[in-house]
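All remarks here apply to the structure that follows.
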C-alpha cells in the first residue's frame, strides 16, 4: 500500500504537501519491498481468511510507520468513469460464470469462447476507455517500464520468493498436464495485471486515496473469482493476495513487476496442485489467439497515441494563425 511517488503525483496534477519528519525515500521503499517479499513468503505458513488478516494488519502497520500523513488528493474524475469500471467488471465476471458454471469442462468449446472473451474484454475495454475516451497514455495502465532496472530487480526478487515456496523442488507431472496450464496462466496474467492493477487500482487510488484504493482493488480481485466457482474462504485468501500484488504494482507503476513472472508462477502452481483443470495441447493455440488479439488492441492504441501526438503541432499552428 505504498503512497504514490511525489514526483509522479506532481506530474499528474494531484498536488502534495511537504510532510514533516518523513522517512527517507530509501527507508520507505525498502520497507515496502521487504513487506511484499515477506507477505509472499507468508503463504507458506498461513492461508484462507487468516492470510487476509495478516496481510492487512501488517500492511497498515508498515503504512503507519513509514508513510507521512498527507491530505487525500482530490482528483477530478468523469462521472461516467465509475460506471465504466463497474460495467466492465460485471461483464468479465458474468462471462467467467457462463464459462465455468454454465458450460463447464464438459462443453469445452463454449467454456473456452466465454473464457477467452472475458479475458479479451478485460484488456480491450480498459485500453479503449483510457486511450480513445480519456486520451491518457498506456503508461496509466501500467504498460511501461518505469525505472527499468528497479522494476526488473523487483520482478526477479518477488518471483524468486514465490518460486522458492511453490515450484522449487516440486515434481511436475507430465508436460501435457502443466504446459497448457502455463500458457493459460500467462494469458490470464496479462488480463489481471492490466484490468485489476493498471485500470481499477490506478483509478480507485486516484478517487479514494492510497489505502482505500488498494483495499478496494484487492477486494474486487478476490471477489471476481466467484466467476470461477471458488468458495468464500478462497476468495478471502485471494483478496489478501490482491493486497500484496497491488502493493508490488504501486512500487513501480509497471505491470512488469507482476508479469510475466510473479503472477503466472503462482497461478501455475495453484492449478497444478489443485488438479481441477485439464487442458489438451490444442488449448495452447486458443490462448495464443487470445494473446494475439490483446497485442493487436495494444498496437492499435499505440498508433492512436502517436497519431494524436503528431496532430498536436498542427493544431497549435492553426490556433496561432
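How many angstrom lie between the C-alpha centres of region 249-297 and region 116-180?
So the two Cα centres are separated by 7 Å.
Hey, what number do you get for the chain at 222 nm if only DSSP H runs of n ≥ 4 count, each worth -39500 (n - 2.57), divided across all residues, to the nearest 500?
The helix contribution divided over the chain gives -22000 deg cm²/dmol.
Order by neighbour count: 171, 106, fewest other Cβ atoms within 10 Å first, most last.
Result, fewest neighbours first: 171, 106.
What is the chain by shape, rounded, prolate or oblate, if you read a ≥ b ≥ c off the alpha carbon gyration tensor as root eigenvalues and call it rounded for a/c under 1.5, prolate for a/b larger than b/c, and oblate otherwise?
oblate
At 7 Å along Cα-to-Cβ for each site, give me the label-to-label distance between residue 68 and residue 164 in nm.
About 3.3 nm separates the two model spin labels.
How high is the FRET efficiency from residue 79 to residue 300, r the C-beta distance, R0 25 Å, rounded to 0.05?
0.40
Could you give the nm distance between label points at residue 289 and residue 46, where each point is 7 Å from its Cα heading toward the beta carbon?
Result: 4.5 nm between the two label points.
Using Cβ counts within 10 Å as a stand-in for footprinting exposure, how do 53, 62, 127 rank, fewest first?
Result, fewest neighbours first: 53, 62, 127.
Could you work out which residue, out of 131, 257, 296, moves most in a Gaussian network model of the chain, that is, has the largest mean-square fluctuation with Cα springs under 10 Å?
Maximum fluctuation in the GNM of the chain, among the listed residues, is at 296.
Quick check: pseudo-label points 7 Å beyond the Cα along Cα→Cβ at residue 176 and residue 94, how many nm apart are they?
3.8 nm
Readers should treat all values here as calculations from the given coordinates under stated rules, not as data from a laboratory. Computed from a predicted structure; not experimentally measured. In this analysis, Cβ positions are derived from the backbone assuming ideal geometry, glycine residues included, and neighbour counts consider all displayed protein chains.
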